[in-house]
Amino acid sequence: MRFKYNLLFLVCFVTNFFFISSVNASPSLGTPAPQFKGINSNGNGVSLSDFQGKIVILEWTNHDCPYVRRQYMTGNMQMVQVKAKVMGVVWITIISSAPGTQGHVNRHQANKLTASRKALPSHVVMDPSGVIGKLYGARTTPHMYILDTKGTLVYKGAIDDKPTSWGKIDAGTKNYVLDALSELMAGNRITHAATQPYGCSVKYGS
Amino acid sequence: MGVLGFLILALLNFSSNTLAANNETELVKAALISEAISAPKNRGIIWVGLHQKLQPNWHTYWRYAGDSGLPTQLKWKKFKNVEIGKIHWPLPDIIKVGPLVNYGYENETLLLIPLTVKKKGPINLKAVAEWLVCREICIPQRKVLNLNLPAGNGEINPVNASLFKKFRRLVPEELHWPSKVFSIGNQIKLVITMKMDELKRIESVHVFPGIDGLIENGEIQNFSKNKRNIIINMKAGYAIEEGLKFFEGMINIKRSHNGSLDNRSYRINKLPLLK
């Protein structure tokens, strides 16, 4: 009997391990977004459950990735953050770069980046182990997720429909995140709820 | 070159210096090359290609880059005597970056493009090539490329012949066997019907999805055979969940052939997903 329990434990441990080490467990739209706890750039604990009743945006980032740089150098990401803030949305920027890889920063550097880029995240969550990233199947920077007020995943994918790191954001660009936010606020169905994320790979250590 | 041309080049250079990190252009040596040494005398098709030679461990991307990355792009300047076809992509390498899977090219590739020549005379082509080159980090690069062919007989250029031959073999043919694809639960099942003697020689297969979210790129593909079919089971991706109704991509098949392995790829054009 005892052996059986040990075996069960081992199986759970092993399946859990595989689940965590795989990035493919991208959560489905319309289902509760995976819960997570993390430490933000001010050293405080952040839990997704803290934001019940609010729309939450998750943004995976790596400040040295050319696609992220374009978004911030053109002011596009900040523009989306301002609009989201006006709507009362909680914006969580997540850094899943492993130590020694591109985009890995300490808390001090993360706060400096926020200030220098005039970014408006509610929290910057440090995820050097990649646990949160893998939980969400985050694979590129940027990679965006929107959770509705009930904590249901309602959008996953790209920031916009122009997968490039070059030049300014032209007028014809469709910003999927802004579109989804306004549809969500209006109580409408989200037209493009799952899009192909583009950019650099998330720099998981393994 | 006029002042304007210089200014444009200076601007291009400026933007590549600011947006892409410094002068790492030599990570990828790129050129437009032609299989023919000259333009043909009559109408017809000749092949040109974007040749990329990469530094070790760096890669550029296939038409579907996989979990991250971006495919190489060519923006052509119109040239009235020829019609420029689409890129014919050779079989990519499967490149694992941590837990992510990418489809791309390491070391060297040749992206083949057919030119339909409509009028005789010299051919002068110009294209802006853009690609993302990655190792652990990614650098977007852009280069203006020219290809000039004098009027002539359209004979094969012996310098480039073997390169074109090598990469043309890696471009997929049409899938000519009866094939079906099923969407069952969270699985995608591809069934290809073949004759017994063909089936016997097949050693391994790998499916390359052509669209994001079709399958989970990092998951194992289970390959089996029965008396009539090869069967590949794959884990469905998010696009299936979102209601995608067809499968599109490529299958690479390795067969034993006179003691060696014959490696061929076949294009899977929009197969309806059956329940």
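The values are calculated or read from the model by the stated rules, or taken from the named source; none is laboratory data. Everything numeric here is computed off the predicted structure, so don't read it as measured data. No Cβ is skipped: glycine too gets one built from the backbone with ideal geometry, and neighbour counts run over all protein chains shown.
Take residues that are within 12 Å of chain A (Cβ to nearest Cβ) and tell me which of the strands (runs of 3 or more DSSP E) falling wholly in the range B:201-240 contain 2 or more. Let's see the steps before the verdict.
Numbers: elements: B:202-209, B:222-225, B:229-235.
The strands (runs of 3 or more DSSP E) meeting that bar are B:229-235.
Just to verify a result, which residue in the range B:160-202, among those that are among the small types (Gly, Ala, Ser) and exposed (fewer than 15 other Cβ atoms within 10 Å of the Cβ), is nearest to residue B:234 (Cα to Cα)? Before you say what the answer is, go through the steps one by one.
Taking the range B:160-202 and keeping what is among the small types (Gly, Ala, Ser), we get B:161-162, B:179, B:183, B:185.
When the remaining residues are screened for being exposed (fewer than 15 other Cβ atoms within 10 Å of the Cβ), the result is B:161-162, B:185.
Numbers: B:161: 38, B:162: 36, B:185: 11 Å.
The extreme case among them is B:185.
Only one entry in A:201, A:206 is in contact with a strand residue (DSSP E or B) (Cβ under 8 Å, 6 or more places away or on another chain) and among the hydroxyl-bearing types (Ser, Thr, Tyr), namely A:201.
Flag: residue A:31 does not match the condition of being under 17 Å from residue A:178 (Cα atoms) and within 12 Å of chain B (Cβ to nearest Cβ).
A quick yes/no check of all residues on (1) basic (Lys, Arg); (2) outside any strand (DSSP E or B); (3) surrounded by 16 or more Cβ atoms within 10 Å (Cβ to Cβ):
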site: B:80; (1), (2), (3): yes, yes, no
site: B:83; (1), (2), (3): no, no, no
site: B:101; (1), (2), (3): no, no, yes
site: B:104; (1), (2), (3): no, no, yes
site: B:112; (1), (2), (3): no, no, yes
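From the list A:144, A:126, the lone residue that is over 11 Å from the mean Cα position of the chain (by Cα), modelled with pLDDT of 95 or more and surrounded by 21 or more Cβ atoms within 10 Å (Cβ to Cβ) is A:126.
Scan the range A:63-75 and give yes if some residue there is within 14 Å of chain B (Cβ to nearest Cβ), within 14 Å of residue A:159 (Cα to Cα) and assigned to a strand (DSSP E or B), otherwise no. No, the conditions are met nowhere in the range A:63-75. Among the residues making up the range B:208-231, those that are among the aliphatic types (A, V, I, L, M) and either crowded, with 20+ Cβ neighbours inside 10 Å or without any contact (Cβ under 8 Å) to a residue 24 or more places away in the chain (or both) are B:214, B:215, B:220, B:230. Of the candidates B:94, B:84, B:8, the single residue that is over 21 Å from residue B:252 (Cα atoms) and modelled with pLDDT of 95 or more is B:84. For the range A:25-35, the set of residues classified as within 13 Å of the chain's Cα centre (by Cα) and either in a strand (DSSP E or B) or surrounded by 19 or more Cβ atoms within 10 Å (Cβ to Cβ) (or both) consists of A:26, A:33, listed by residue number.
Filter the range A:117-136 down to residues that are farther than 11 Å from residue A:95 by Cβ and hydrophobic (A, V, I, L, M, F, W, C), then give me how many there are. Residues in the range A:117-136 being farther than 11 Å from residue A:95 by Cβ and hydrophobic (A, V, I, L, M, F, W, C): 4 in total.
Filtering the range B:47-68 to residues that are surrounded by 24 or more Cβ atoms within 10 Å (Cβ to Cβ) and either in contact with a His (Cβ under 6 Å, 6 or more places away or on another chain) or among the hydrophobic types (A, V, I, L, M, F, W, C) (or both) leaves B:48, B:50, B:62, B:65.
Of everything in the range A:162-206, what is in a strand (DSSP E or B) and either more than 11 Å from every other protein chain (Cβ to nearest Cβ) or among the aromatic types (Phe, Trp, Tyr) (or both)? Give them in sequence order.
Residues of the range A:162-206 that are in a strand (DSSP E or B), as a first pass: A:175, A:194, A:200-201.
A:175 - this is the single residue of the range A:162-206 that is in a strand (DSSP E or B) and either more than 11 Å from every other protein chain (Cβ to nearest Cβ) or among the aromatic types (Phe, Trp, Tyr) (or both).
Across the range B:256-271, the qualifying residues are those that are out of contact with any strand residue (DSSP E or B) (no Cβ under 8 Å at 6 or more places or on another chain) and part of a strand (DSSP E or B), and the one among them that is modelled with the highest pLDDT is B:260.
Does the range B:139-151 include one or more residues that are under 17 Å from residue B:62 (Cα atoms), in contact with a Gly (Cβ under 7 Å, 6 or more places away or on another chain) and touching a residue at least 40 places away in the same chain (Cβ under 8 Å)? Before you say what the answer is, go through the steps one by one.
Of all residues in the range B:139-151, those under 17 Å from residue B:62 (Cα atoms) come to B:139-142.
Remaining after also requiring in contact with a Gly (Cβ under 7 Å, 6 or more places away or on another chain): none.
No, there is no match, as no residue in the range B:139-151 is under 17 Å from residue B:62 (Cα atoms), in contact with a Gly (Cβ under 7 Å, 6 or more places away or on another chain) and touching a residue at least 40 places away in the same chain (Cβ under 8 Å).
Being buried (at least 19 other Cβ atoms within 10 Å of the Cβ), among the β-branched types (Val, Ile, Thr), under 25 Å from the mean Cα position of the chain (by Cα) and assigned to a strand (DSSP E or B) is true of residue B:253. Among the residues making up the range A:83-110, a single one is more than 17 Å from the chain's Cα centre (by Cα), closer than 19 Å to residue A:145 by Cβ and of a type in the set (A, V, I, L, M, F, W, C): A:87. Applying the condition of being surrounded by fewer than 16 Cβ atoms within 10 Å (Cβ to Cβ) and not in a strand (DSSP E or B) to the range B:137-156 and asking which residue is nearest to the other protein chains (Cβ to nearest Cβ) yields B:150. When A:88, A:137, A:100 are checked against the criterion of being within 11 Å of chain B (Cβ to nearest Cβ) and either surrounded by fewer than 17 Cβ atoms within 10 Å (Cβ to Cβ) or closer than 19 Å to residue A:50 by Cα (or both), A:100 stands alone in meeting it.
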